[in-house]
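To start, the structure itself, in C-alpha cells.
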Amino acid sequence: MTDMARQLLQELMGEFQDSGSKYTDSNICKDHLVDFCPHQLFVNTKADLGMCNLLHDDRLREAYQKSPDRGRLGYEEAFYDRIQRLTIDLQRKVRRAMDR
C-alpha cells in the first residue's frame, strides 16, 4: 500500500520533488525509460497486467533519452523482448477464445 501511495505522490508531485534516483537504480521502471510501461496497457481488461511496482519518473526518462548510455545498457532489447512475449501471449489467448 505504501508503494502505491508513493507512486501516486510521485505522479502528482513529480515535477516539484526530486527523487534523488538515477535511471540505473533497480527501483526504476526500465520500460518507462525506453518508451512506455506495458503495465499501463489493457487496464481493466482480462489482459490487465496489474500495477507496476517500479518508479515511473519522467525526468529520469528524459535524462536517459539524452544520455550517452542510451542503447548501451540493454534496456531497449529487454523492452523489445518483453513486448514480443506479451504479444505472443495475447495472440495465443485470442486464438483459444476464437476456437471456443
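The values are calculated or read from the model by the stated rules, or taken from the named source; none is laboratory data. Model, not experiment: these values are computed from the prediction. Every residue, glycine as well, gets a Cβ built from its backbone with ideal geometry; the counts of neighbours run over all protein chains shown. Calculation scope for accessible area: heavy atoms of the full protein, side chains included, ligands and nucleic acids excluded. Shrake-Rupley method; radii C 1.70, N 1.55, O 1.52, S 1.80 Å.
Data overview
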| item | result |
| --- | --- |
| Qualifying residues in the stretch 26-58 (those that are of a type in the set (D, E, K, R) and surrounded by 14 or more Cβ atoms within 10 Å (Cβ to Cβ)) - the one nearest to ASP89 (Cα to Cα) | ASP31 |
| Condition check for LEU90: of a type in the set (A, V, I, L, M) and under 13 Å from TYR23 (Cβ atoms) | no |
| Test: CYS29 is touching a residue at least 24 places away in the same chain (Cβ under 8 Å) and within 18 Å of GLU11 (Cα to Cα) | yes |
| Among residues of the stretch 68-87, those that are open to solvent by less than 90 Å² (accessible area, probe 1.4 Å) and either charged (D, E, K, R) or within 23 Å of GLU11 (Cα to Cα) (or both), counted | 5 |
| Selected residue (criterion: modelled with the highest pLDDT) from residues of the stretch 1-21 that are loosely packed, with under 11 Cβ neighbours inside 10 Å and under 23 Å from ASP69 (Cα atoms) | GLY20 |
| Identity of the residue in the stretch 88-100, open to solvent by less than 60 Å² (accessible area, probe 1.4 Å) and under 24 Å from LEU33 (Cα atoms), that ends up modelled with the highest pLDDT | ASP89 |
